Amino acid sequence: MRNIFLLGCFAFSSMAIANQNNPKTEFTDQAALHKIQSQISANNIERDIAKLVSFGTRHTLSETESDTRGIGAARRWIKAELEKISKACGNCLEVYFQSETISGERRIPDPVEVVSVIAVQKGTTDPGRYVIMSGDIDSRVSDVMNYTDDSPGANDNASGVAGTLEAARVLSKYKFNGSIVYAALAGEEQGLFGGRIMAEQAQKDGWRIKAVLNNDMIGNIEGINGVINNTTARIFAEGTRQTETPEEARLRRFTGGEVDSPSRNLARYIDWMADRYIPNLDTMVIYRLDRFRRGGHHRPFNDLGYPGVRIMETNEHYDRQHQDLRTENGIVYGDTLDGVNFEYAAKLTALNAVSLAGMAWAPTPPAKVEIKGAVQPSTTLSWQAADKIQNPNLAGYKIYWRYTDAPQWQFSRYVGDVTEFTLKNVVIDNYFFGVASVSKDGYESPVVFPGAAGAFGE
Ligand SMILES: [Zn+2]
């Protein structure tokens, strides 16, 4: 978000001295995040997309026996690659297949095992708290049931899987307080099955999911509308949460929160990271679940109330999506390798990596955030103290606020390690408020809007 970037620059000039005394009162520039950004390799991403394309088709119903063709070979290669990454970090990843047999569905009529590949990098102090990066293994052509023809799916969505593998390669060299999950999800094109299976299992296992960064098409820079641009990306984030009860909706009518679901504040967090750590990238936060009437694998997580967004290119090219490979009237159709810009895919991968790292190093987002202040000159926020054993690096909390029609948080105040604070003479009616937790070295959680509408969970 451009205007906030300028705001950030303005703040820098007067901040240098304050930073020396108290790194957590203002934005702390993190050398480690710049380093992570610089370590993401476009060459690795290109190699991995080419490898995924080499399996011919990765259609969900395609063959599973061959070692060179079909979705079975593709998922075994992804698992082997994650195991290789794990070996290089002293077995820091737990790598496994997650599967369920699906049948009787419109796009999966006969029984098929839908198999995702998951790698978990356990956090050191709060392993039950998770941030997730995902891409999709499967591909398709014009007929969604055609599982034999070549279906390279280079951008949709080998790019998302290759980015996820590369993020794992870089982030596995570090240790984080919270857990990071790298997921290659299956069955996306047939009806978002892999994401549904993973979200339901996570809920059963009591995972405290704070973020799902679903990457679906992160490599195209030439739009069907003629725009060629490698400096913007989109973050799709739903509005009011799907799990909101009628009573919560009634309350929200009087308190606000329509534009402050945890998914939206997750999107603001990623946007903020782009402005600070990714050169030549400006993200558009889009106030929608996904593209108009279209779907992606963050949705099954949103369905269960987890914060999740879709990260993707700004300029899509429909001749290169879900198309039989062919030339018609001089137009070349198909999702082939030459339609992917690997430097751009690396840029979006770096955006994921710094966002995951920032959240996994930060304390958990504040829970049970409440606000009061009607008919008073001041606004009081309260929240639950973060568990000190899970969050030994917690320094304290920062209150953020903004004008109600502003897209990004504009004002902030570090208030220390307290669980309640009153902003004197800041009138509640005129702003939206939220609270972030801050680590001793200045890592911040996403901002949490008060009440059920904004909650990131326990
Ligand atoms: Zn697709």
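Each reported figure results from applying straightforward, stated rules to the coordinates on display, with no laboratory input. Since we're looking at a predicted model, the values are computed, not measured. Note that each Cβ is placed from the backbone with ideal geometry, even for glycine, and that neighbours are counted across all protein chains shown.
Taking a point 7 Å out from the Cα of ALA32 in the direction of its Cβ, the residues of region 373-391 whose backbone N falls within less than 15 Å of it are 391. Overall, the chain carries a charge dipole of about 1460 debye about its Cα centre when +1 sits on the Cβ of Lys and Arg and -1 on the Cβ of Asp and Glu, all other atoms neutral. Annotation: amide H of GLY219 within the under-5 Å range of GLU313, sequence separation 5 or more or interchain, hydrogens built in the peptide plane.
Please work out whether region 31-361 counts as rounded, prolate or oblate from its C-alpha gyration tensor, where a ≥ b ≥ c are the square roots of the eigenvalues and a/c under 1.5 means rounded, while otherwise a/b larger than b/c means prolate and anything else oblate? Cα axes put region 31-361 in the rounded bin. Computed from backbone phi, the HN-Hα couplings of region 139-149 come to 9, 8, 10, 4, 8, 5, 9, 7, 10, 10, 5 Hz, rounded to whole numbers (Karplus: 6.51 cos²θ - 1.76 cosθ + 1.60, θ = phi - 60°; Gly and Pro given as x).
Using the Cβ-Cβ distance between VAL227 and GLU343 with R0 set to 22 Å, the FRET efficiency from 1/(1 + (r/R0)^6) comes to roughly 0.80. In this structure the amide hydrogen of ALA211, modeled in the peptide plane, comes within under 5 Å of the amide hydrogens of ILE132, none closer than 5 places in sequence on its chain.
Label point of LYS173 set 7 angstrom out along Cα-Cβ; within region 333-374, amide nitrogens under 18 Å from it belong to 346-358, 361. The value of relative contact order for the chain, using C-alpha pairs under 8 Å at least six residues apart, is 18 percent.
Taking other residues whose beta carbon is less than 11 angstrom from the beta carbon of ASN214, and scoring Lys, Arg as +1 and Asp, Glu as -1, yields -2. As a calculated quantity, the FRET efficiency between ASP143 and PHE97 at R0 = 41 Å, using C-beta atoms, amounts to about 0.90.
Under a 5 Å amide H cut-off, with hydrogens placed 1.01 Å from N, ALA395 pairs with VAL438, SER439, LYS440 among residues at least 5 apart or on other chains. For region 114-218, what does the alpha-carbon gyration tensor say about shape, rounded, prolate or oblate, given a ≥ b ≥ c as the root eigenvalues, a/c under 1.5 as rounded, and a/b over b/c as prolate? It comes out oblate by the Cα gyration axes. Between region 131-205 and region 349-399, how many Å separate their Cα centres? Between the Cα centres of region 131-205 and region 349-399 lies a distance of 29 Å.
Derived from the Cα gyration tensor, the three semi-axes of the equivalent ellipsoid of region 364-451 are 22, 14, 10 Å, largest first.
Dipole size of region 364-451 about its Cα centre, with +1 on Lys/Arg Cβ and -1 on Asp/Glu Cβ: approximately 100 debye, rounded to the nearest 20. For the chain, the mean residue ellipticity at 222 nm estimated from helices alone is -9000 deg cm²/dmol, where every DSSP H run of n ≥ 4 contributes -39500 (n - 2.57) and the total is divided by all residues, rounded to the nearest 500.
Contact order, relative form, for region 379-424: 48 percent (alpha carbon pairs under 8 Å, 6 or more residues apart, mean separation divided by residue count). Whole-Hz Karplus values for region 116-130 come out as 9, 10, 10, 10, 10, 9, 5, x, 7, 10, 9, x, x, 9, 10 Hz, taken residue by residue from phi with 6.51 cos²θ - 1.76 cosθ + 1.60 and θ = phi - 60°; glycine and proline positions read x. Applying 0.36 nm per residue to the separation of SER378 and THR404 and subtracting their alpha-carbon distance, the gain on full extension is 7.7 nm.
The charge dipole of region 79-119, taken about its Cα centre with unit charges on the Cβ atoms of Lys, Arg (+1), Asp and Glu (-1) only, comes to about 160 debye. Please find the FRET efficiency linking ARG326 to GLU63, where r is the Cβ-Cβ separation and R0 is fixed at 22 Å, and quote it to the nearest 0.05. It comes out at approximately 0.45. Does region 58-120 classify as rounded, prolate or oblate by the C-alpha gyration tensor (a ≥ b ≥ c root eigenvalues; a/c under 1.5 gives rounded; else a/b over b/c gives prolate, otherwise oblate)? Because a/c hits 1.5 or more and a/b fails to exceed b/c, region 58-120 counts as oblate.
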